[in-house]
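Notes follow once the structure below has been shown.
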Amino acid sequence: MSTVRRPDHRSEQHGGHRSARSPHSAGLRHVLTHLITPLLMCIGMGLAYLGAFAHPAPHQLPVAVVGSGHSAQLLAQSINDKAGGDLEVRTVGDRSAAVDRLKHQDIFGAYVISAKGATTGAAKASAGGVGGVGGAGAEGAAGPSKPAPELLVATAGSDTSASVVQKVFTPIAAHQGAPLKVTDVAPTAEDDPTGQGIFFLLVATSIGSYASVAVVGGAGAVLPVRWRAALAIGTSFVVSLIGTAFAGPVFHLVDHGLRGLWAMAWLYSAGILLIGTGLHTFLKRWTTLGVMTLFVMLNFTSSGGIFRPEMQNGFFAALHSFWNGAGFVEGTRSHVYFDDYGLSGHVWTLVWWLVAGLLMVGVAALAEKRRRTAEAEAAAHAAAVAAAAVAATVPEPTAKRGSRTARSAERSARTAGGAGAEAREGAADVDEAAEGDVETEMEMEEAVGV
């Protein structure tokens, strides 16, 4: 008696579930893989911003005591001893020399002691403690008839540094029995009282630049490198014009020097766009993370727009000396507020970053040329194999007929190979364009999300 096996509906059901889960598993892996980029951005932004801005403290911040007598030297030495390396106090002969050094950003504060009671004030300050960025109130103040001491600052160089200097010398003035008179020898524009508008202009220009990399490098991947480079330069021109409009007629962050500001904004933006466009050839969908690391995490934190390098740790202070964001911020300050002093060095910083961008584009062009050559050789090899296969299948009754047949087969193979190569090239272009559109959308979403 034969046994009829009934179909196992449970196995069919489990198989159906497995087939239903399989596409979802692949999709989940795809999503999790792409989540790596924003998570790395989160880690990088936290490390960069908190590492640079969480605990600002002076590190050999240069200040001066104005005076040529023994009292000035005694006061400068006592402040240095109490500061423990936080300040670098020197003496300056007279007030005009101190103003000149402030405008050259050699120092960030100059304390002009009063003519009377200076020695007593210095001794009490040394006993009362100066200690870092702040001190206690005065005790045992002298009579109110003594002239008020004066503190010279330049808030255009850094408002935060000026505030730190004021906290240092306020208790010293109180020991002399008079309120501290603060004189700003390089004030900022009226509509930018803290001077940090230049930093936020840097932020806007940077976002417009590195976000455009996703479009030029991603959606423009089907274009030749020279076209992408031209698009990058043209886009940087538009971004720099937008930034200049923000700085001038829109928000009045600066009241003069707009042409020079525009030139530096264009150099800055063009460097970012060219570097990002070149990197896209190698990094593909990781380009957004790469340009954000270069031009956000390391750039904003080392620019000096919030805290100058003297208020940061050694890593970000070292970056400030050659990074492009610092070149733009310090170059704009020099051009607008400090009579172009030191401007050439900052402009050269921006120029070298632009040169780096051009070199990166050149390396990308060579890499893409080699890739195209390799693809052409592979297509030629495939055509040769196809021709050999066709020749092997054709009978050869006579040598003459065989040669004609072989030549005919070879021509047919070449025609078929050429048509196949063109078809493959067209399909590759379509696939590359479609893939570039998807990658561009994802990169733009990641960039805007951050």
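The values are calculated or read from the model by the stated rules, or taken from the named source; none is laboratory data. Keep in mind the model is a prediction, meaning the values are calculated, not measured. Every residue, glycine as well, gets a Cβ built from its backbone with ideal geometry; the counts of neighbours run over all protein chains shown. Keep in mind that these areas ignore ligands, DNA and RNA; they rest on the heavy atoms of the full protein, side chains included. Shrake-Rupley method; radii C 1.70, N 1.55, O 1.52, S 1.80 Å.
For first residues located in the stretch 41-53 and touching a residue at least 12 places away in the same chain (Cβ under 8 Å) and over 13 Å from Met292 (Cα atoms), partners that are open to solvent by less than 40 Å² (accessible area, probe 1.4 Å) and of a type in the set (A, V, I, L, M) and lie 6+ apart or on another chain with Cβ distances below 7 Å form the pairs Phe53/Ile306. Taken as a whole, the condition of being at pLDDT below 95 and within 24 Å of Asp81 (Cβ to Cβ) does not apply to Gly143. Scanning the stretch 151-206 for residues that are in a helix (DSSP H, G or I), open to solvent by 10 Å² or more (accessible area, probe 1.4 Å) and hydroxyl-bearing (Ser, Thr, Tyr) yields a count of 3.
Set side by side, the residues Arg29, Arg5 differ, and just one is open to solvent by 60 Å² or more (accessible area, probe 1.4 Å), among the basic types (Lys, Arg) and at pLDDT below 85, which is Arg5. One residue alone among Met311, Met264 is among the aliphatic types (A, V, I, L, M), in contact (Cβ under 8 Å) with a residue 40 or more places away in the chain and farther than 30 Å from Trp227 by Cβ, and that residue is Met311. Per the listing Ser209, Ser236, the residue uniquely of a type outside the set (Asp, Glu), surrounded by 19 or more Cβ atoms within 10 Å (Cβ to Cβ), under 30 Å from Thr160 (Cα atoms) and out of contact with any Gly (no Cβ under 7 Å at 6 or more places or on another chain) is Ser209.
When Gly304, Gly290, Gly276 are checked against the criterion of being small (Gly, Ala, Ser), farther than 30 Å from His34 by Cα and within 15 Å of the chain's Cα centre (by Cα), Gly304 stands alone in meeting it.
Only one entry in Ile233, Ile207, Ile198, Ile306 is out of contact with any His (no Cβ under 8 Å at 6 or more places or on another chain) and farther than 28 Å from His55 by Cβ, namely Ile233. Look at Gly357 and say whether it is open to solvent by less than 30 Å² (accessible area, probe 1.4 Å), outside any helix (DSSP H, G or I) and at pLDDT 95 or above. No; evaluated as a whole, the condition is false for this residue.
Among the residues of the stretch 247-306, the ones that are β-branched (Val, Ile, Thr) and open to solvent by 40 Å² or more (accessible area, probe 1.4 Å) come to 2 in all. In the set (1) farther than 26 Å from Cys42 by Cβ; (2) touching a residue at least 60 places away in the same chain (Cβ under 8 Å); (3) over 15 Å from the mean Cα position of the chain (by Cα), the condition left unmet by Ala270 is number (3).
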